1. When only residues in region 13-37 that are loosely packed, with under 15 Cβ neighbours inside 10 Å and in contact (Cβ under 8 Å) with a residue 60 or more places away in the chain count, which is nearest to Arg128 (Cα to Cα)?
2. Could you tell me which of the residues Leu104, Leu142, Leu132 is surrounded by fewer than 22 Cβ atoms within 10 Å (Cβ to Cβ), aliphatic (A, V, I, L, M) and within 24 Å of Val72 (Cβ to Cβ)?
3. Report, by residue number, each residue of region 217-231 that is under 18 Å from Ala191 (Cβ atoms), part of a loop (DSSP other than H, G, I, E, B) and not polar (S, T, N, Q).
4. Considering region 79-93 alone, what residues qualify as being assigned to a helix (DSSP H, G or I) and crowded, with 20+ Cβ neighbours inside 10 Å?
5. Please verify whether region 104-117 includes one or more residues that are free of Cβ contacts under 8 Å to residues at least 60 places away in the same chain, among the small types (Gly, Ala, Ser), assigned to a loop (DSSP other than H, G, I, E, B) and closer than 14 Å to Val12 by Cβ.
6. Counting just the residues of region 238-274 that are β-branched (Val, Ile, Thr) and touching a Pro at 6+ places or on another chain (Cβ under 9 Å), which one comes out nearest to Ala39 (Cα to Cα)?
7. Taking only pairs six or more apart or across chains, which ones have beta-carbon atoms under 6 Å, a first residue in region 218-231 that is over 15 Å from Tyr3 (Cβ atoms), and a second residue that is modelled with pLDDT of 95 or more and assigned to a strand (DSSP E or B)?
8. Can you tell which of Leu190, Leu152, Leu196, Leu99 is in contact (Cβ under 8 Å) with a residue 12 or more places away in the chain, out of contact with any Cys (no Cβ under 6 Å at 6 or more places or on another chain), in a loop (DSSP other than H, G, I, E, B) and surrounded by fewer than 16 Cβ atoms within 10 Å (Cβ to Cβ)?
Amino acid sequence: MSYPTVTLNDGVTMPQIGFGVFQVPEDETTAAVTAALEAGYRSIDTAAVYRNERGVGRALAQSGIPRDELFVTTKLWNTDQGSASARPALVASLARLGLDHVDLYLIHWPAPGRGLFAETWTAFEELRASGLTRSIGVSNFLPEHLEEIIALGGSVPVVNQIEVHPELQQRDIQAADQLHGIVTEAWSPLAQAGVLGDPVVTEIAEAHGRTPAQVVLRWHLEQGRVVIPKSVTPSRISENLAITDFSLTPDEVARIDGLERGGRTGPNPATFNG
């Protein structure tokens, strides 16, 4: 089965549905990623701060899947920002992953209080040029943070990975991403399961004979976002991928759009410095 992809602004193709491992313990990561790969996922999203890159790497190595069929993302933690530490941090991540390059490397948070994300972005451009990552992007960047790195006159991030779900849609950031040709990637796309019991979601799920999670993930896809749902349960891992054979009506999309409540589950990027 083929799954939808998006073409990034540097010409690289990225699966629109990926598997996230945030909060998956190291000792459970290999089994979870193995289940995801067996279900058909080819995009895996991790981060240095998750402390499970080794578990991801073991699953990738054991899968036997050719490297060019995989799309692996990891992220630079806030304490490693800066021109001197970005490269050693990526080299360490690659060693844990057992890879010679990643497909996408992200600045995990702008950490504005540190004042280093612009300098870090310049270092990221050098990492891409050296072949340690195919593409470079950011995570949790607000419009003003995007403007600051775009003003450097170099590369534009290919992705901005932000918290997006029906209760926190961050339309201002999504609009800024779109303006600059940046793909919005949704972390916590299901609000850590917080939206799955919403009456609007459950009613739409019932109408389609689908799970609430499938409906919310389909809502993301239909608006062009990349999603990285997380689960350690094989049946749910498979269900979360099975969202390409149905569509929502414009009215259903609008009803889910109407669930915005400012319901942030993670830190505020304007103030979080890690």
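The values are calculated or read from the model by the stated rules, or taken from the named source; none is laboratory data. What you see is a predicted model; the values in this text were computed from it and never measured. Don't worry about glycine lacking a Cβ; one is built from the backbone with ideal geometry, like all the others, and counts go over all protein chains shown.
1. This residue is Gln23.
2. Details: Leu104 fails: surrounded by fewer than 22 Cβ atoms within 10 Å (Cβ to Cβ); Leu142 fails: within 24 Å of Val72 (Cβ to Cβ).
Every option except Leu132 fails the conditions.
3. Answer for region 217-231, where residues must be under 18 Å from Ala191 (Cβ atoms), part of a loop (DSSP other than H, G, I, E, B) and not polar (S, T, N, Q): Arg225, Ile228, Pro229, Lys230.
4. Within region 79-93, Asp80, Ala86, Ala89, Leu90, Ser93 meet the criteria.
5. The answer is no; no qualifying residue exists.
6. Taking region 238-274 as the starting set, the residues that turn out to be β-branched (Val, Ile, Thr) are 243-244, 249, 253, 256, 265, 271.
If we keep only those that are touching a Pro at 6+ places or on another chain (Cβ under 9 Å) too, we end up with 244, 256, 271.
On the way: Thr244: 14, Ile256: 27, Thr271: 38 Å.
Checking each candidate, the answer is Thr244.
7. Lys230/Gly20
8. Exactly one of Leu190, Leu152, Leu196, Leu99 is in contact (Cβ under 8 Å) with a residue 12 or more places away in the chain, out of contact with any Cys (no Cβ under 6 Å at 6 or more places or on another chain), in a loop (DSSP other than H, G, I, E, B) and surrounded by fewer than 16 Cβ atoms within 10 Å (Cβ to Cβ), namely Leu152.
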